[in-house]
Amino acid sequence: PGDKGGTPVSVWGSRDPCWGSPRCSGGLSAGNTVLVLCPPEAAPPLLYLAELSGEGGALPPGVLNVVTGPFPELCRPGLGVPVPGAAVGVGPGGGALAWGSPCRGPRLGWARGGRVVVIVLDSADLDGAAAAVVGAAGTPPALFPWGGCVVLAQEGVLAPLERRLRARLGGLRVGDPLDPSTDVGPLPPAAPHPEGLVEAAREEGAEVFQPPFPPGGYLYPPTLITGVAPTSCCLREPAAGPVLVLLPVRSPGEAVAVASGLPLTAAAAVWAQDITAALDTAERSVGPPRPPAPWVGASQQLQALREFGRPPWEQPPKLEGPLRYPLPSLNAPLAPQTQQCPLPLSGPLWGQLPGASRAQVLRGAAAALGGTRGTPGGDDRDNDGRLQGALLRWAAHAERMGGAVQEVPGGRTLVTRRPLGVVGVVWSWPHPLSLELLLPALALGNSVVVVAPPSAAGAALHLRQALVAAGLPAGALAVLPGGSRGSGAKLARHHPDGL
Amino acid sequence: ELGWISKVYVNRPAVVRHAEQIKKWKTLKGNWQAAWLLKAVTCIDLTTLSGDDTPSNVQRLCFKAKHPIREDLLKALDMHDKGITVGAVCVYPARVTDAVNALKAAGCNIPVASVAAGFPSGQTPLETKMAEIKLAVEYGAREIDIVISRSLVLTGQWEGLYEEICQCRKACGGAHMKTILATGELGSLANVYKASMIAMMAGSDFIKTSTGKEVENATFPVGIVMMRAIKEYYWQTGNKVGFKPAGGIRTAKEAITWLMLVKEELGVEWLTPELFRLGASSLLGDIEQQIFYHVTGSYPLQHELAMA
């Protein structure tokens, strides 16, 4: 707050109003001062939120600030605001914010709106799947730009599923979102209207089912489009609104392939009563580019139990287990080596290893670090001790992080953790290089690319050598010397999964 | 058509979740609530199935069936001349004659429904079941609620179940047959779906969730599964089969929720006494209380509403 001399520590750029406000509240509750930049079409909910938070002294003045203006000019530095400590770009306009601002703090990433992909296999409860799909089609995530829902059904159940979808879509009520008896609200402002895409689909020969509805305005009736192919424009171009596209597939494998080929998927769901088929399909949608976090059996909930990678009667490993692997020797001089390897942005091998193998590699690295003598630099020995401890700790975590079963109302949810993929890390000088922060990412199966200033890269390379000697695949950890300015942008151009 | 039930998959958690959401639907208020309540009244099968039924309480029930809602309340809603009566009166076979006579004396055309075929357990030989049905029809019952043998469902003898229901259908003759599936004892929702399909294929006019005497009677998940079976049967054959939840429905709010569920799953055409009934006894009292409240603004005292 300005009068006490505090500085804002978050800047949030928001293009999609529904995504912006939850993020604001997260920043506010953590004690930050929040400055929200948004274009005029996304402004109304945020301005209303700002107005409400001023009423009754709910928030002190200056804590929540909303500035509207044209994107991306709004994101130029030199806005006259104090330098923010962190920036979040939300939506496609947010990219300009994150990379164009003078923010020196962390970029917290941005949420992607997108489609919901539902895969219905032939052992699915068709009524349940139809009810869930139609329920999801009318709710806000599907109404975002680039929203909508794509249903991939196995050929044997395509016709019964289509009949049920039509029956349920006909029963949805469109109207005022504040009225609790309506199911579907209006289109988001400034979103591309779906009518154009639906017309194009009709011209391509697709069958379009829409309950009768007066045209025009911000309300659009729920629509079911069948008889299209992945090349059709209604799948390749963004369309907001309650538009469902139904595609036939021949097998679960083909469903995964088609789903991976669709641009901008935000969530996926698999419906099948055959547990093994369902989980197998969910697992297969791991390769890049993938729909994140498929839910099995329902939207928003995983409903299957399976054994973890290890039979439950085996004991979990001890933290300081005996070392059964040969100690590698690290007698080579540790000069920082410039590595000109191309950015390894497909690292499936490390992520696909089971947790036990990853743990073994980390333990081997700990042993290797313990075995070196005469490391350069006095305080490196302390660092090594801490690193060893961290390696052993994260090795134990790697074995147990496969998943968890949580009880929820109505049953149990199986949550499996999968690695993000390729994570880029940029360190800026003069902050000390804290290598322990790399270990969680590695332990959970991510491939990491580290950009460090040359003087600090030595320690990172030391760690890398230990890991590679213990069995880390070549592409899993890359250390590149470089400054922090501009490295982030260069890494981002290669589309890593985390930064 | 055994093929229709060979590949039945029911995702139980999804159905239960759907049922939970239904309970959260906004409640109706005002005139709309009164209208739906009157619709529910016309769909009630006023039931008395106790060991201590005698001609006197059956007669009282039949008079209540003719005048379910107090006359002046109906006049206040301008519905006194629409012939609002309950859908049917449901009694044991031994009491059918009393019910028929009482309704004739009252000058009322409501059908008398009789439970039969070894109600409530169904664990009697097929010959006695047939005899019971034939006698009930002879006594004047125009609707028969038969009970299936749950053991046939639990052991997967679908042809045997089909045969049994077909025989009961023949014994009913021209009477309207409701098949009670006793879903609380069938073990799984998939079994409920399959038993519903078999009952419909064998010629039932209605399928009914439960006898009212089981531990678990009519719940929303079971109702949803049975209604989906009815819809599928309608898509396959074009025949509309009715649905009757029975047992455990005691409040007006539940009755309205059942009506809303029928409208959502089956459609508006099923919201008539020909295709939907509510098996209930104390429900009528609660509905009358709610209508009293709507008309006068306060809840009634015990003596202000006639006892059923």
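Some observations on this one:
- For chain B, the longest principal axis of the alpha carbon atoms and the long axis of helix B:189-201 meet at an angle near 90°.
- Whole-number Å³ per residue for the convex hull built on Cα positions in the stretch B:177-243: 68
- One chain, two ends: residue B:239 and residue B:155. Fully extended at 0.36 nm per residue, the span grows by 27.4 nm beyond their Cα-Cα distance.
- The stretch B:27-45 residues near the modelled residue B:109 label - backbone nitrogen below 19 Å, point 7 Å along Cα→Cβ: B:42-45
- FRET E, pair residue A:415, residue A:193, Förster distance 51 Å, beta-carbon r, rounded to 0.05: 0.85
- Nitroxide proxy distance, nm - points 7 Å out along Cα→Cβ at residue A:204 and residue B:94: 7.2
- Sites matching trypsin sites (Lys or Arg not before Pro) across the stretch A:444-493 that sit in DSSP coil, with at most 15 neighbouring C-beta atoms within 10 Å: A:485, A:493
- As a calculated quantity, the FRET efficiency between residue B:215 and residue A:493 at R0 = 60 Å, using C-beta atoms, amounts to about 0.40.
- With Cα atoms, 0 to 90° folded angle of helix B:158-172 axis to chain B main axis: 50
- Greater than 25 Å apart at Cα, pairs in B:26/B:263; B:82/B:178; B:134/B:213; B:7/B:134; B:29/B:231; B:26/B:194: B:82/B:178; B:7/B:134; B:29/B:231; B:26/B:194
- Chain B shape via C-alpha gyration tensor axes, a/c threshold 1.5: oblate
- Counting beta carbons within 10 Å around each of A:275, B:44 and listing the fewest first gives the order A:275, B:44.
- Spin-label model distance (nm) - residue B:25 vs residue A:182, 7 Å beyond Cα toward Cβ: 1.9
- Residue-count net charge about residue A:232 - beta-carbon cut-off 13 Å; Lys, Arg +1, Asp, Glu -1: -3
- Phi angles of the stretch B:143-154 translate, via the Karplus equation with coefficients 6.51, -1.76, 1.60 and θ = phi - 60°, into HN-Hα couplings of 9, 10, 9, 9, 10, 8, 7, 5, 4, 5, 6, 5 Hz per residue; Gly and Pro are given as x.
- Per-residue average of Cβ from other chains inside 10 Å of A:124-137: 5
- Listed from fewest to most Cβ neighbours within 10 Å, the set B:32, B:25 follows the order B:32, B:25.
- By the count of neighbouring beta-carbon atoms within 10 Å, fewest first, B:307, B:130, B:177 end up ordered B:307, B:130, B:177.
- If the segment from residue B:1 to residue B:268 were pulled out straight at 0.36 nm per residue, it would be longer than the present Cα-Cα gap by 93.3 nm.
- Relative contact order of chain B: 19 percent, from C-alpha pairs under 8 Å at least 6 residues apart in sequence.
- Relative to the longest principal axis of the Cα atoms of chain B, helix B:12-23 runs at roughly 10 degrees.
- Full extension of the chain segment joining residue A:41 with residue A:65 gains 6.9 nm, where the gain is 0.36 nm per residue of separation less the Cα-Cα distance.
- For the segment B:2-10, counting C-beta atoms of other chains within 10 Å of every residue's C-beta and taking the mean gives 3.
- Relative contact order of the stretch B:1-113, pairs being alpha-carbon contacts under 8 Å that are 6 or more residues apart, as %: 28
- Farthest toward the positive end of the dipole of the stretch B:39-146, out of B:122, B:93, B:111, is the Cα of B:111, where the dipole comes from beta carbon charges about the Cα centre.
- Rg ratio for the stretch A:115-285: its Cα radius of gyration over 2.2 N^0.38 Å, N being its residue count, equals 0.97.
Each reported figure results from applying straightforward, stated rules to the coordinates on display, with no laboratory input. Just so it is clear, the model here is predicted, and its values are computed rather than measured. A quick note on method: Cβ atoms are made from the backbone with ideal geometry, for glycine too, and the neighbour counts reach across all protein chains shown.
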